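A quick write-up on the structure given underneath.
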Ligand code: SF4
């Protein structure tokens with residue numbers, strides 16, 4: 001069992017982050033935010049994939065103007081990504097953003113910081129301080145010479161102290177780098193230095209396969225050590241993939257359970273049916289199921305009965321164009337390879353309906 005670091009809990013709209021709340025999975029739209037229809041279509045796709053929170057960029061006033069309609073239509077809390085335009089932050093808070101991604105030290109004068117914090121308080125916004133190894137403050141780069149965990153933590157605490165000085169405590173922090181070692185070291189040090197919830201991610205992790213592996217190593221290490229309250233996997237891919245990878249990561253560590261966990265063998269000459277094709281089709285056909293359950297699809301009796309023992313529904317290939325269906329770990333009935341996909345989908349859907 002993973003012992004999670006005890007963090008303070010904050011609210012991102014209706015979603016709790018930190019404390020004993022489930023670790024949330026989030027992504028970010030890559031549409032033009034002022035294109036409300038396009039942005040909403042992407043938010044819907046992210047919601048269907050299970051996103052708990054979605055972030056949208058607000059680089060200009062057209063974006064913050066569109067934000068109100070987006071927030072009203074969205075079923076998940078919306079985080080407005082601001083960076084340093086303090087007016088955009090105030091507009092986003094007024095538009096109903098659940099959280100502002102902004103570094104208060106980058107806003108400018110003390111008066112501007114006060115205005116942004118006041119807007120966040122008035123409109124019930126939390127904030128995320130986002131430190132990135134690639135954009136550390138100039139003085140820290142001069143002091144440390146290069147991005148390093150100490151510099152990233154110092155930057156994070158600098159921004160956090162500004163918020164605390166304004167008696168604002170509803171914030172979470174990220175300290176991301178594209179290098180997994182730097183990411184893990186920075187978060188590990190930050191986890192010891194502050195009690196706020198941590199948004200974890202390996203930034204700019206790369207394309208789907210490479211980025212998934214980097215994220216699994218970096219975030220996997222942190223989550224295994226109990227660090228991380230909300231996760232964003234940054235992939236140069238469809239944002240829906242970020243949600244799927246985020247959940248798979250949490251599922252692999254037993255930290256969240258969502259959807260059908262398919263256990264499948266890699267297949268070999270002993271397979272009684274085409275395992276790889278079958279699993280690909282089942283994965284697609286069962287993507288709509290959110291309830292947590294397990295399905296084993298195993299090519300032959302070498303490992304099939306053993307794996308089926310621990311799954312809700314199982315299928316093990318036989319030798320003569322048919323195999324055995326297992327329900328609740330027990331052999332239940334024979335099934336011909338023809339039409340097996342439809343039948344297994346029906347069994348899984350029926351099981352999910354009972355949960
Ligand atoms: S379970 Fe059977 S078919 Fe699958 S990889 Fe093992 S031996 Fe091959």
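The values are calculated or read from the model by the stated rules, or taken from the named source; none is laboratory data. Nothing here was measured: the structure is a model prediction, and the numbers come from that model. Ideal geometry is used to build each Cβ from the backbone, glycine not excepted, and the neighbour counts take in all protein chains shown.
Within the range 258-273, the residues that satisfy the criterion of being assigned to a loop (DSSP other than H, G, I, E, B), within 16 Å of the ligand (Cβ to nearest atom) and within 18 Å of residue 308 (Cα to Cα) are 265, 266, 267, 270, 271, 272, 273. Farther than 24 Å from residue 99 by Cα, more than 22 Å from the chain's Cα centre (by Cα) and part of a loop (DSSP other than H, G, I, E, B): does that describe residue 146? Considered against the rule, which asks whether it is farther than 24 Å from residue 99 by Cα, more than 22 Å from the chain's Cα centre (by Cα) and part of a loop (DSSP other than H, G, I, E, B), residue 146 comes out as yes.
Could we say that residue 164 is buried (at least 21 other Cβ atoms within 10 Å of the Cβ) and at negative phi here? Against the criterion (buried (at least 21 other Cβ atoms within 10 Å of the Cβ) and at negative phi), residue 164 does not qualify.
Residue 314 meets the stated requirement of being within 16 Å of the ligand (Cβ to nearest atom), in contact with a strand residue (DSSP E or B) (Cβ under 7 Å, 6 or more places away or on another chain), closer than 15 Å to residue 351 by Cα and in contact (Cβ under 8 Å) with a residue 12 or more places away in the chain. Take residue 243 and decide whether it is under 27 Å from residue 223 (Cβ atoms) and touching a strand residue (DSSP E or B) at 6+ places or on another chain (Cβ under 7 Å). In short, yes.
Residue 231 - would you say it is away from the ligand (no atom under 16 Å from the Cβ), touching a strand residue (DSSP E or B) at 6+ places or on another chain (Cβ under 7 Å), without any contact (Cβ under 8 Å) to a residue 60 or more places away in the chain and more than 30 Å from residue 305 (Cα to Cα)?
no
A quick yes/no check of all residues on (1) in contact with a helix residue (DSSP H, G or I) (Cβ under 9 Å, 6 or more places away or on another chain); (2) within 12 Å of the ligand (Cβ to nearest atom); (3) under 13 Å from residue 262 (Cα atoms); (4) in the same structural domain as residue 46 (by TED's automatic domain parsing):
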residue	(1), (2), (3), (4)
298	yes, yes, yes, no
309	no, no, no, no
320	no, no, no, no
325	yes, no, no, no
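Okay, residues lined up against (1) modelled with pLDDT under 95; (2) part of a strand (DSSP E or B):
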position: 129; (1), (2): no, yes
position: 140; (1), (2): no, no
position: 161; (1), (2): no, no
position: 172; (1), (2): no, yes
position: 175; (1), (2): no, yes
position: 184; (1), (2): no, no
position: 187; (1), (2): no, no
position: 205; (1), (2): yes, no
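A quick yes/no check of all residues on (1) within 23 Å of residue 291 (Cα to Cα); (2) touching a residue at least 24 places away in the same chain (Cβ under 8 Å):
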| residue | (1), (2) |
| --- | --- |
| 176 | no, yes |
| 191 | no, yes |
| 196 | no, yes |
| 199 | no, yes |
| 211 | no, yes |
| 221 | no, yes |
| 237 | no, yes |
| 241 | yes, yes |
| 248 | yes, no |
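On inspection, residue 218 fails the criterion of being away from the ligand (no atom under 16 Å from the Cβ), closer than 18 Å to residue 179 by Cβ, touching a helix residue (DSSP H, G or I) at 6+ places or on another chain (Cβ under 9 Å) and at pLDDT below 95.
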